[in-house]
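Inspection log for the structure reproduced underneath, given as structure tokens.
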Amino acid sequence: MQNQEENNMPTYTVTVADNTGDTQVQMTRPEIVATAADTKAWIFVDDRLVDASTLNDNQLNAADAIRLMPGLVGGQ
């Protein structure tokens, strides 16, 4: 049953950046949140940093660009 529910979720084009460059992939909102948590990436929706816990489908539906970017570390 969960598989059918996952198949009905909207997907979004997400640009995922890493040390090798960037890639565009199709992801659902839960996949975006999970990927951000696993890789410690920051989520940007239309160039605005968004907290993964507040990310919702309305924001994503209205977005022109969704990006997962590696978090920046200052110092050193």
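Tabulated data
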{"item": "Pick from the range 59-72, criterion surrounded by fewer than 11 Cβ atoms within 10 Å (Cβ to Cβ) and closer than 16 Å to residue 21 by Cα, ranking: modelled with the lowest pLDDT", "result": "72"}
{"item": "Residues of the range 37-73 satisfying the condition of being at positive phi and acidic (Asp, Glu)", "result": "46, 47"}
{"item": "Count - residues of the range 37-58 that are surrounded by 11 or more Cβ atoms within 10 Å (Cβ to Cβ) and under 22 Å from residue 7 (Cβ atoms)", "result": "2"}
{"item": "Residue count for the range 55-76, restricted to those that are of a type in the set (D, E, K, R) and farther than 12 Å from residue 15 by Cβ", "result": "1"}
{"item": "Test: residue in the range 66-73 that is of a type in the set (Val, Ile, Thr) and in contact with a strand residue (DSSP E or B) (Cβ under 6 Å, 6 or more places away or on another chain)", "result": "yes"}
{"item": "Strands (runs of 3 or more DSSP E) contained in the range 1-62 and holding at least 1 residues closer than 21 Å to residue 73 by Cα and free of Cβ contacts under 8 Å to residues at least 40 places away in the same chain", "result": "21-27, 41-45, 48-50"}
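The values are calculated or read from the model by the stated rules, or taken from the named source; none is laboratory data. Worth saying up front: this structure is predicted, and the values here are computed from it rather than measured. Virtual Cβ from ideal backbone geometry, glycine too; neighbours counted across all protein chains shown.
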